[in-house]
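The values are calculated or read from the model by the stated rules, or taken from the named source; none is laboratory data. The structure presented is a predicted model; accordingly, all values stated were derived computationally and were not measured. Quick reminder, even Gly has a Cβ in these numbers, built from the backbone with ideal geometry, and neighbours come from all protein chains shown. The area values use the complete protein model at the heavy-atom level, side chains included, leaving out ligands, DNA and RNA. Shrake-Rupley method; radii C 1.70, N 1.55, O 1.52, S 1.80 Å.
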Amino acid sequence: MTTQPQRPDLARTLVARDERARAHRALLVRGLLSPTEIDMERHVDRADAQVLRRIVRAHGWPGKTLVGEDGAEAAWHLALHADYDPDLQQLALGLLVSAVEEGEATIQQWAHLRDRCSVSAGQPQVFGTQHCRSPAGIQMLPTQDPDHLDARRASVGLPPHYVACEALRQRHRREPESEQSRDDERARPALVGSAA
């Protein structure tokens, strides 16, 4: 039985912003957005980060009790993709530690955000959740001690890397590419996000 969130208004805000951002990212990774559309979305991403920051300042981490499971998942997605605000990502990472202990967030959410923060700081990730798209396809970003990656993943309830990576590849299959999208991809690898 799912209980009602204490703040359904915040839950609606978080979910709406996350749904819009997910739809944009789905188009982005498939190379279906123009440079103008990509640039406009960067402004929206920054606005999403500001909204999440205001909620965190007022309420702490927006966990399941405050915003319900869907709202908590949306808040995590917004934090995960707030690459323009690494301070917010670090703040969220710290708050997620307590949220996990209190049952308000999952340890998998914490693991994904920890990896994202490491990658953003130019450090190797721990759980192998972050990948990029390059001309060679989806590739895992640098990871600490790759020989023991699956053991670390198992310790936080993540599936083996090969299973998660295949699911990520399937999720990010491209539509037929235009010449422009191929040129854009050659110019820079794109961070495609997390592997569950």
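Descriptive notes on the structure:
- Single residue of region 128-164 satisfying the filter (touching a strand residue (DSSP E or B) at 6+ places or on another chain (Cβ under 8 Å) and outside any strand (DSSP E or B)) that is surrounded by the most Cβ atoms within 10 Å (Cβ to Cβ): T129
- The residue that is farthest from R42 (Cα to Cα), among those in region 78-89 that are open to solvent by 20 Å² or more (accessible area, probe 1.4 Å) and either touching a residue at least 12 places away in the same chain (Cβ under 8 Å) or of a type in the set (K, R) (or both), is P86.
- Scanning region 96-105 for residues that are in contact with a helix residue (DSSP H, G or I) (Cβ under 7 Å, 6 or more places away or on another chain) and open to solvent by less than 50 Å² (accessible area, probe 1.4 Å) returns L96, V100, E104, A105.
- Across region 106-127, the number of residues qualifying as assigned to a helix (DSSP H, G or I) and aromatic (F, W, Y) comes to 1.
- Residues (touching a helix residue (DSSP H, G or I) at 6+ places or on another chain (Cβ under 7 Å) and of a type in the set (S, T, N, Q)) located in region 113-158: S120, Q125, T129, Q130, T143
- Selection status of A58, modelled with pLDDT of 95 or more and either out of contact with any strand residue (DSSP E or B) (no Cβ under 7 Å at 6 or more places or on another chain) or of a type in the set (A, V, I, L, M) (or both): yes
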